[in-house]
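Structure record follows, encoded as structure tokens.
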Amino acid sequence: MCSVTFDADVVAPPKHLDAPFFEEVLETALRTARVKLLSIHIRIGSSTGENYCSQIYRAKVSFKRPDHPEQDIVFIVKSIPHLDSVEFINDLQVYLKEKMTYYEILPRLELMMQCKRRFGPKLYQCIKQPENTLVFEDLGQLDFVMASREEGLNEDHCQLVMERLAEFHATSMALAVLDPHIFDTYTDGMLSPRGLEKDSFLMQFFAGNGKELHRLVSSWPGFERIAGKIGKYMENHRSNLVRSQAPLEKEIKVLNHGDLWVNNMLFKYDAAKRPQDLILIDFQLSVWGSPGIDLNYFFYTSLSLDVLRHRRPHLLRCYHDRLAKTLLDLDLGVPVPSYDQILEEVHRREAYGFFASYGIFPTISQDKTQTADNNLESFKDADFAKQKFRQMFESRRLAETLRYSLPHFERAGVLD
């Protein structure tokens, strides 16, 4: 009889993560039904406060195959409970999109790259009931790890992200030529009108951050004009957010990851601790639209301030060079955008970067000691939310970055 045990820190063990569930996962992963489960041990798979909408588990499965010694395999389990606070997830079809991305999109993109690239982990199982659950390979077993979200990425990391992102975007452009309707489901991203209804969690969260941004900047000498513009921007907050992602005529379109920040990237390093490879995770907010969406979001959530201040043009050049090379190598007749066209896409989506700088980055720049109680259910409490919004905007890294980025956004016309 196979035993299933949970670590003590798994407060409410999901009942559906049982032996029959993992038996099916194991058969898919090993591509054989000739396997006997011996034991399953499940523990929390991420730091508390690092995942707002889902719970991550790491499941170690011991098993035996005929004529083989006893073996272990580790799976990553992503479970999204059915809670009122995450109803917007259903509105944005995140479970369907993530399932489609892992089962259909990524394998086709990797084939187009002649399997020289892996864009994401393997998905072994997904179920919708009793709660949305996806089971992935554990990329940690292949020596992929997360970088530090608190410090920001250095230039070596950022250049690798630009190269891999360009390949991901380019292959999606080519796949859209081969299969014109394949991305029809990918119309709702993070700033979709459906997700930003007046009383939705996302709208309340971003509004709370916007209010704190205005309060913080209003206290800075020399920023009076910018603070006034931010105040006016927040008077039409929802419409400004929706417009920053809304499709535009004649724009370049790619499959955006949609949530491209440090914790959704896994790096592999050489002996000298230099990043050599990169795999993306969490495609639940992917959206078909301008590459300026991913590029601006990444720039204003994940770069160290020194890289953002001095190396942004270089990174965009790296992105364009790899995008052009990949499209030419694929040889499917997709028009290759010029560097100036990419710059224009980024410029037109500067408002998305502004959103990322106050809607997302404050959470990312928090010290880990302050994020342990971050979850959607906690933010439903008004007093907790008010205290947490204030705490997020006390980060020194956030203040230093905003002092640089806000004048940039003003020059770009975002605040007008």
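What follows draws every value from the coordinates through simple rules; no lab data is involved. Source: prediction; values computed, not measured. Methodologically, a virtual Cβ is constructed for each residue, glycine included, from the backbone with ideal geometry; neighbour enumeration extends over all protein chains shown.
What is the dipole size for the range 3-80, taken about its Cα centre, with +1 at each Lys and Arg Cβ and -1 at each Asp and Glu Cβ, in debye to the nearest 20?
Dipole of the range 3-80, to the nearest 20 debye: 140 debye.
Which is farthest toward the positive dipole end of the chain among Leu175, Leu202, Ile56, measuring Cα position about the Cα centre, with Cβ charges +1 (Lys, Arg) and -1 (Asp, Glu)?
Final value for the positive-end residue is Leu202.
Taking just the alpha carbons, could you work out the radius of gyration and Dmax for the range 3-80, both in angstroms?
When restricted to Cα atoms, the range 3-80 yields Rg and Dmax of 13.3, 44 Å.
Compute the orientation-averaged projected area for the range 272-416 from the convex hull of its Cα atoms and round it to one decimal in nm².
Projected over every direction and averaged, the Cα hull of the range 272-416 covers 11.8 nm².
Among Leu30, Ser46, Ala19, whose Cα projects farthest towards the positive end of the dipole of the range 3-80, with charges put on the beta-carbon of Lys, Arg (+1) and Asp, Glu (-1)?
Highest projection toward the positive end goes to Leu30.
Do the sum for the chain: with -39,500 (n - 2.57) for every DSSP H run of n ≥ 4, divided by all residues, what is the mean residue ellipticity at 222 nm, to the nearest 500 deg cm²/dmol?
About -13500 deg cm²/dmol.
Residue separation times 0.36 nm, minus the C-alpha to C-alpha distance between Glu251 and Leu38: what's the value?
Extra length available between Glu251 and Leu38 comes to 71.3 nm.
Rg and Dmax of the range 130-244 over Cα atoms: what are they, in angstrom?
My reading of the Cα-based Rg and Dmax gives 20.0, 55 Å.
Give me the dipole magnitude in Debye, nearest 20, for the range 161-243 about the Cα centre, with unit charges on the beta carbon: positive for Lys and Arg, negative for Asp and Glu.
540
So for Trp220, Trp288, fewest C-beta neighbours within 10 Å to most, what's the order?
With the sparsest Cβ surroundings first, the list reads Trp220, Trp288.
Which of Cys318, Cys2, Cys115 comes first, and how do the rest follow, when ranked by fewest Cβ neighbours within 10 Å?
With the fewest neighbours first, Cys318, Cys2, Cys115 line up as Cys115, Cys2, Cys318.
At a Förster distance of 56 Å, what's the computed FRET efficiency of Glu224 paired with Asp329, Cβ-Cβ distance as r, to 0.05?
0.60
In the neighborhood of Gly152, defined by Cβ-to-Cβ distances under 14 Å, what is the net charge if each Lys or Arg adds +1 and each Asp or Glu adds -1?
-1
About the Cα centre of the chain, what is the dipole size in debye to 20, counting +1 per Lys and Arg Cβ and -1 per Asp and Glu Cβ, all else neutral?
480
Please report Thr32, Thr133 as a ranked list, fewest other C-beta atoms within 10 angstrom at the top and most at the bottom.
Listed from fewest to most nearby Cβ atoms, that is Thr32, Thr133.
Measuring from centroid to centroid over Cα atoms, what is the spacing of the range 149-206 and the range 222-249 in Å?
About 21 Å separates the Cα centre of the range 149-206 from the one of the range 222-249.
Quick one: Debye curve from the alpha-carbon atoms of the range 196-310 only, equal weights, vacuum; give me log10 I(q)/I(0) at q = 0.10, 0.14, 0.19 Å⁻¹ to two decimals.
Result of the Debye calculation: -0.44, -0.82, -1.23.
What's the Cα-based Rg to Rh of the chain, Rh via Kirkwood?
So for the chain, dividing Rg by the Kirkwood Rh gives 0.97.
Got a sec? Charge dipole of the chain, +1 on Cβ for Lys and Arg, -1 for Asp and Glu; which of Ala227, Thr187, Ala324 is way out at the positive end?
Going by the Cα projections, it comes out as Ala227.
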